[in-house]
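Single-structure report; data block below.
The values are calculated or read from the model by the stated rules, or taken from the named source; none is laboratory data. Remember, it's a predicted structure, so these values are computed and weren't measured experimentally. Methodologically, a virtual Cβ is constructed for each residue, glycine included, from the backbone with ideal geometry; neighbour enumeration extends over all protein chains shown. What goes into the accessible areas is simple: the full protein's heavy atoms, side chains included, and nothing from ligands, DNA or RNA. Shrake-Rupley method; radii C 1.70, N 1.55, O 1.52, S 1.80 Å.
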Amino acid sequence: MSDASPTRYIFVTGGVVSSLGKGIAAASIGRLLVERGFDVTIQKFDPYINVDPGTMSPFQHGEVYVTDDGAETDLDLGHYERFIGESLSQSNNVTTGRIYQDIITKERRGDFLGSTVQVIPHVTDQIKAYLRRLAPSHDIVITEIGGTVGDIESLPFLEALRQFRQDVGKENTLFVHLTLIPHLAAAGELKTKPTQHSVRELMETGIQPDILICRTEHPLTDEIRRKIARFCNVDVGHVIESRDVETIYEVPLRYREQHLDDHILDLLSLEAPEPDLSDWIAMVDRIKRPEKGSVRIAVVGKYTALVDAYKSIAEALGHGGIANDVGVEIDWVSSEELEDRGPRFLDGYGGVLIPGGFGVRGTEGMVDAVRFARESGLPFLGICLGLQCAIIEFARNVCGLEESHSHEFNKETTDPVISLMDAQYNVTEMGGTMRLGAYPCRLQEGSHARELYEATEVSERHRHRYEVNNEYRDDLGQNGMRFSGLSPDGGLVEIVELPDHPFFIATQFHPELRSRPMSPHPLFTAFVAAADQRMRQRQDEAPATRQGIDVSEEAVGAAR
């Protein structure tokens, strides 16, 4: 796009019900526009009053996604990065809490010169400032508004968008509204009334949507499309059908079939070459029809009752499957339940992964899972808390330090193999002791990690508080644990591995946050490959029995 051309803005809103997939819709639009040559970024406006989701329960909010600059953000930013292939920042996720925090800070500083601070203009002006912040370096800024039209929390955002269209010109803005078209089995037909009411409510705020994306379980007939267009005041060609697909990465392809990107460019008076989606199509085809069958992996975690708490883990495992041309079936295993039943059923899986988390609940189950993986040769990947559990297990059962624990879980332990660093003590503000965002990691010569990364130093994202206690590194190393990744100054452990194990790697950082469908993370690629190899070996050894897998299904009620 020409340097003289103004930035275009696309706003994605939702109605009828929540969880319709606004984030995937925004990300898919972004992918199509990237394929047409535009520099695109996506931001999320969340209406909750928390400054960020960092202190929110994973059971309520799902995963906290961390950016390179250390921002704790909504999980939708993970979708944005994976679809458009751009690393985002704190500016890409804005909450009501942060907006009000900024305004109150200015008011206390005297910036408003005695004015009465009000929603209009002060709150709406602050929202518009966040919209403009990303414009200078991008052709198109896509903004998703959290919640649904009609929520009282969303009203300031919608008012700001109404004003913003007036400020920058209608020709430079576009509104996409996502709604639900339910199917009533008793009547045997699709119902458009919820969509009509949703659009009417949006229009009452002064916003007329330009494009409707309709979530539906059944195809939209031409008659239904015309009815929606007539009552919602949009062109019939701008009524886009959005049905469930096998993989979220298929959504851009379904939008392209309906020329959604062409409609967007027409409405924004933009010209661009046709997109080349051949690589994306090939990637989707690999997901849907892997040549090598499938591999089952157990994720042993604390928050498995809500799979969204591990959204990036699930996606990164899938990316590892793409790289190996194998499907990945994930069983979400509660670490608390594993404490009661024991870990032997894990033998039926190709590999076990232990993800991050906070608090003592379920950690003994994780430690048991690590021990089983270490002793049985089961491929193991530990992430954050997974690394800490691996250190605790190794110290207890290999080094003979039976009371080993983390200071997070047991303040009285005589062997705190996981502890706070000296600089972290006496910090009281939540998040103040956290290591957040991208940090460098130097890979040790001759290590498995260095071989997989094919690099001497990498940068990975962190979200944790406790570290490996350096006082125990010699003891752990002398007993066979390799510290294959360290901070550049050598003071912090980033990666550990067991050289004599088929695959045993644990990281203090979160590699899943850097994985993309078109460029899978090397650790996940290698882990899935090792898990696939183990399952094939087990099948060759006992092709007529799958008792381990059967037991696992009974034990954890696996949800795939």
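Some observations on this one:
- Matching residues, region 391-423, being in a helix (DSSP H, G or I) and closer than 19 Å to Ile495 by Cβ: Ile391, Ile392, Glu393, Phe394, Ala395
- Tally of residues being within 31 Å of the chain's Cα centre (by Cα) and either buried (at least 16 other Cβ atoms within 10 Å of the Cβ) or polar (S, T, N, Q) (or both) across region 218-236: 1
- Among (1) more than 30 Å from Asp139 (Cα to Cα); (2) assigned to a helix (DSSP H, G or I); (3) open to solvent by less than 80 Å² (accessible area, probe 1.4 Å) - the single one His197 does not satisfy: (3)
- The single condition among (1) buried (at least 24 other Cβ atoms within 10 Å of the Cβ); (2) touching a helix residue (DSSP H, G or I) at 6+ places or on another chain (Cβ under 7 Å) that Phe112 does not satisfy is (1).
- Residue list for region 137-179, restricted to those being touching a residue at least 60 places away in the same chain (Cβ under 8 Å) and of a type in the set (A, V, I, L, M): Ile140, Val141, Ile142, Ile145, Val149, Leu158, Leu161, Val168, Leu174, Val176, Leu178
- Any hit, region 253-260, residues being touching a Gly at 6+ places or on another chain (Cβ under 7 Å), within 29 Å of Pro520 (Cβ to Cβ) and in contact (Cβ under 8 Å) with a residue 40 or more places away in the chain: no
- Hits in region 132-147 (condition: under 20 Å from Ser198 (Cβ atoms) and acidic (Asp, Glu)): Glu144
- Pick from region 405-427, criterion modelled with pLDDT under 90 and over 28 Å from the mean Cα position of the chain (by Cα), ranking: surrounded by the most Cβ atoms within 10 Å (Cβ to Cβ): Met421
- Which numbered condition Ala323 fails, given (1) touching a helix residue (DSSP H, G or I) at 6+ places or on another chain (Cβ under 6 Å); (2) aliphatic (A, V, I, L, M); (3) closer than 17 Å to Gly382 by Cβ: (3)
- Residues in region 140-176 that are outside any helix (DSSP H, G or I) and within 23 Å of Glu271 (Cα to Cα): Ile140, Val141, Ile142, Thr143, Gly169, Thr173, Leu174, Phe175, Val176.
- Hits in region 237-251 - residues which are under 19 Å from Phe83 (Cα atoms), open to solvent by 20 Å² or more (accessible area, probe 1.4 Å) and in a strand (DSSP E or B): none
- Inter-residue pairs, beta-carbon under 6 Å, first closer than 13 Å to Leu178 by Cα and open to solvent by less than 10 Å² (accessible area, probe 1.4 Å) and in region 206-217, second part of a strand (DSSP E or B) and among the polar types (S, T, N, Q), 6+ apart: Ile213/Ser242; Cys214/Thr179
- Residue count, region 451-490 (criterion: open to solvent by 60 Å² or more (accessible area, probe 1.4 Å) and outside any strand (DSSP E or B)): 9
- For region 27-52, filtered to residues that are crowded, with 19+ Cβ neighbours inside 10 Å and touching a Lys or Arg at 6+ places or on another chain (Cβ under 8 Å), the residue that is farthest from Val141 (Cα to Cα) is Asp52.
- Index of the failed condition, Lys106 passing every other in (1) among the basic types (Lys, Arg); (2) out of contact with any helix residue (DSSP H, G or I) (no Cβ under 9 Å at 6 or more places or on another chain); (3) surrounded by 13 or more Cβ atoms within 10 Å (Cβ to Cβ): (2)
- Residue within region 495-514 that is of a type in the set (A, V, I, L, M) and surrounded by fewer than 18 Cβ atoms within 10 Å (Cβ to Cβ) present: no
- Number of the exception - Gly150 against (1) at pLDDT below 95; (2) at negative phi: (2)
- Candidate set: region 291-343, residues that are β-branched (Val, Ile, Thr) and open to solvent by 10 Å² or more (accessible area, probe 1.4 Å); chosen: the one nearest to Leu387 (Cα to Cα): Thr304
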